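Data block below; observations after.
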Amino acid sequence: MKAIIVDDERLALKKLENLLTEPIEIDIQFEEIRTFQDPQAAIEAARNETFHLAFLDIEMPEINGFELAEKLMMLQPHLHIIFVTAYQEYAVKAFEMNALDYLLKPVRVRRLTMTMQRVAKTMVSAPVGDSATNQEMICCLQNLHYIDQQGEVQFFPWKTLKAQELFAYLVMNRNKTVSKQTLIDLLWPEYDTVRSTTQLHTAIYQIRKIIKNLGLDLEIKYKDERYRLVWGDIKLDVEEWENAVRDAPPIDSHTLRTHLSIMAKYPGGFLEEHSYLWAEYEQERLQMIWLSHASEIAEWYQSTEQFTEAILLYQQIREKLPGMEDGYFGLMKLYAMTNHPREVTKQYQILTEKLKEEFDVAPSKELEQWYQQWKQGRDAR
């Protein structure tokens, strides 16, 4: 892959370039990364050289990131755009321009890894002669988007955040009827009846229009003051992933690849990036399924003495679920087994401080008892 980064701030330019050249948890290598402080120079380069990916700052003098994206896309329609900015309010416009992703400064390694996972998924080409046989899929893991018939990741062209949230809520409650009043209370509680009803009707109209324009096999039906999103011949990533976990064979050396493939299809929590309060229960439910599956794989690694792989997986559990003990406890046991006492103590201290600071609680009785017994065993030697 060849990429360009355009940012009028030299330090921001260099930092992102360094992040992209550091090893991250995705199999992407850049043949070349070109950096530009001058947008005009980037346009000139695009006239003479093919690029696959563009990271564009939005706030730039003379030509802003949106204008630059339009000019680059005219030269190279295949180019995938990722906007990078310190201002969150540009998110809606960025996705309206069908950007692949939107990164907030300062860019974090974990967030960039998610972006590059999306890039990897998008850059995988459909088989030759079979470009229109993929089944479309609505995606709610990490954020709301969809995959078209060519297998490309696409973002919905929402005009308002409320329409996006309403659609997400209807997707979560697909094929169920939801009362008009429930939707109003959820999304427009501060408005009077007339205004909230108008807002609801406007959002429903927008959703229906987008569904029709995109040709998605979905339909919103209304009857007796209740709405229902009728699900047609279209996949949902949450269902696909959950079914895959449920139907997976027992873990062994022959099925390990299948289990790792299933793990890779869980890029993030349910609507994680949107922070909808009503989605928290579903987020927690799916997190527990992911945790159970990841823990089974880690335990298998441990049982077959593949300690490095087990440690990496427990570190991943800790990163995805930093407020839960499982990742820390798994690492403590592994480090104890492999005779790394300092790491055992370090994980215990990190967990204790985090639980105290964020939740004002102590580690569980089980973990505390295990740690004290381990410590006494060390002191007795």
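The values are calculated or read from the model by the stated rules, or taken from the named source; none is laboratory data. Please read all numbers here as calculations on a predicted model, not as lab measurements. For neighbour counting, all protein chains shown are included, and Cβ atoms are generated from backbone atoms with ideal geometry for every residue, glycine included. In case anyone asks, the SASA skips ligands and DNA or RNA and just uses the protein heavy atoms, side chains included. Shrake-Rupley method; radii C 1.70, N 1.55, O 1.52, S 1.80 Å.
Let me see the P(r) profile for the stretch 208-259: every Cα-Cα distance counted, bins of 10 Å, each bin given as a percent of all pairs.
19, 30, 23, 17, 10, 1
Add -39500 (n - 2.57) for each DSSP H run of 4 or more in the chain, then divide by its residues: what number comes out at 222 nm, to the nearest 500 deg cm²/dmol?
It comes out at -16500 deg cm²/dmol, rounded to the nearest 500.
Provide the percentage of antiparallel DSSP beta bridges, counting only those with both residues in the chain; round to the nearest 5.
So the antiparallel bridges in the chain amount to around 45 percent.
If you roll a 1.4 Å probe over the stretch 140-227 with all protein chains in place, what percent of the accessible area is carbon or sulfur?
48 percent
What are the residues whose amide H is under 5 Å from the amide H of Trp231, where those residues sit 5 or more places off or on another chain and H is modelled from the backbone?
Asn175
Could you grab the relative contact order for the stretch 253-376? Cα pairs under 8 Å, six or more apart, rounded to a whole percent.
12 percent
Would you work out which of Gln29, Met1, Ala12 lies farthest towards the positive end of the dipole of the stretch 1-52? Charges go on Cβ: Lys and Arg +1, Asp and Glu -1.
The residue sitting farthest along the positive end of the dipole is Ala12.
Leaving ligands and nucleic acids out of the surface, order His80, His340 by accessible area at 1.4 Å, largest first.
His340, His80
In the stretch 163-214, if every C-alpha pair distance is counted and binned at 5 Å from zero, what percent goes to each bin?
4, 21, 29, 27, 13, 5, 1
May I ask you to derive the relative contact order of the chain, considering only C-alpha pairs under 8 Å and at least 6 residues apart, and to give it as an integer percent?
In percent, rounded to a whole number, it is 9.
How much of Met337 can a 1.4 Å solvent probe reach, expressed as accessible area in Å² and rounded to 10?
Rounded to the nearest 10, the figure is 100 Å².
Full extension from Glu62 to Lys209: what is 0.36 nm times the residue separation minus their Cα-Cα distance, to one decimal in nm?
Gain in length upon complete extension: 49.4 nm.
On a 0 to 90° scale, report how tilted helix 341-359 is relative to the longest principal axis of the chain, with both axes built from alpha carbons and the result rounded to the nearest 10.
It works out to around 50 degrees.
Need one word for the stretch 279-357: rounded, prolate or oblate. Basis is the Cα gyration tensor (sqrt eigenvalues a ≥ b ≥ c); a/c below 1.5 gives rounded, then a/b vs b/c decides.
oblate
Which one, Val119, Val344, Tyr276, is farthest towards the positive end of the dipole of the chain when Lys and Arg carry +1 and Asp and Glu -1 on their Cβ?
So the residue we want is Tyr276.
Where the accessible area of the stretch 236-381 is counted over protein heavy atoms with a 1.4 Å probe, how much of it, in %, is carbon and sulfur?
Summing carbon and sulfur atoms, their accessible area is 48 percent of the total for the stretch 236-381.
Would you mind checking the pairs Lys180/Lys212; Lys15/Lys71; Lys71/Lys320; Lys162/Lys356; Lys105/Lys333 and listing those with alpha carbons more than 28 angstrom apart?
In this structure, Lys71/Lys320; Lys162/Lys356; Lys105/Lys333 exceed 28 Å between Cα atoms.
Relative to the longest principal axis of the C-alpha atoms of the chain, give the angle of the C-alpha long axis of helix 65-75, reported between 0 and 90° and rounded to the nearest 10°.
The two axes meet at around 70 degrees.
Just to verify a number: FRET efficiency for Glu239 and Leu277, C-beta to C-beta distance, R0 = 25 Å, to 0.05?
E between Glu239 and Leu277, to the nearest 0.05, is 0.65.
Quick check: from the Cα gyration tensor, does the stretch 1-65 come out rounded (a/c under 1.5), prolate or oblate?
Since a/c reaches 1.5 but b/c is at least a/b, the shape of the stretch 1-65 is classed as oblate.
Give me the angle, in degrees from 0 to 90, between the Cα long axis of helix 10-21 and the longest principal axis of the Cα atoms of the chain, rounded to the nearest 10.
60 degrees
Just to compare against my own numbers: the Cα pair-distance distribution for the stretch 193-349, 10 Å bins, whole % per bin, please.
9, 27, 27, 17, 11, 8, 1
In Å², what does the accessible area per residue of the chain work out to with a 1.4 Å probe?
I get 54 Å² per residue for the chain.
Considering only protein heavy atoms, what is the solvent-accessible area of Ile350 at a probe of 1.4 Å, reported in Å² to the nearest 10?
The accessible area of Ile350 comes to roughly 60 Å².
Just one of (i) 40, 22, 18; (ii) 37, 22, 19; (iii) 38, 30, 22 is semi-axes √(5λ) of the Cα gyration tensor in Å as worked out from the coordinates here. Which one is it?
Given (i) 40, 22, 18; (ii) 37, 22, 19; (iii) 38, 30, 22, the structure-derived one carries the label (iii).
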